[in-house]
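Presented below is the structure to which this report refers.
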Amino acid sequence: MKTEMVMKETKADTSKQEYIEILGDTVVPSRILLSVIISIIASIGGYFLGKSIFPQIAEAKMVSSYSLLLGIGGSVVALIICSRLFKPSRILMEEETTSEGLEEILRDLQADPSSEYELIKNDPVTKKEMEELGILDTFKRNGER
């Protein structure tokens, strides 16, 4: 019997923290709030810094454009700062699973194996990827039941 590799997601931090879902990702509210504050300060700070510096070194009609670019640069700096401060709090672990495990995953996702197999069968790109991963046969067995 052929086995497949499935990525299982677990939380690295076992302490009881409250999480919220934003754009399909689960985050800690305090971290997202701090990230937003850092981003606002860096981008608006960069814009107003440009408004005070660029009138002395650039043409008057270009001051707003240069200031906006400096504000965008501040957003990029904020992105780097936030990515350094807030590391992902999840660990992905690989574990082997059998076709029964795949059936359980499909049940958890409330997906019908036969309709999933039909979608895979009718899409040559997806079918090729599933063959390369070695899991097409499992979908085929589950889909033909």
*Search segment 15-41 for residues that are at pLDDT below 85 and pair each with any residue that is among the hydrophobic types (A, V, I, L, M, F, W, C) when their beta-carbon atoms are under 6 Å apart and the residues are at least 6 apart or on different chains.*
Gln17/Val28
*Can you pull out the residues in segment 102-133 that are modelled with pLDDT under 75 and either within 25 Å of the chain's Cα centre (by Cα) or closer than 30 Å to Ile32 by Cβ (or both)?*
Leu102, Leu106
*Return the only residue of Ile22, Ile32, Ile44, Ile40 being among the aliphatic types (A, V, I, L, M) and loosely packed, with under 12 Cβ neighbours inside 10 Å.*
Ile22
_Hey, Ile81 within 31 Å of the chain's Cα centre (by Cα) and at negative phi or not_ = yes
*Can you name the residue in segment 47-62 that is farther than 18 Å from Gly74 by Cβ and not hydrophobic (A, V, I, L, M, F, W, C) and is also surrounded by the most Cβ atoms within 10 Å (Cβ to Cβ) among such residues?*
Pro55
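The values are calculated or read from the model by the stated rules, or taken from the named source; none is laboratory data. Worth saying up front: this structure is predicted, and the values here are computed from it rather than measured. Cβ coordinates were reconstructed from backbone atoms using ideal geometry, including for glycine residues, and neighbour counts include every protein chain displayed.
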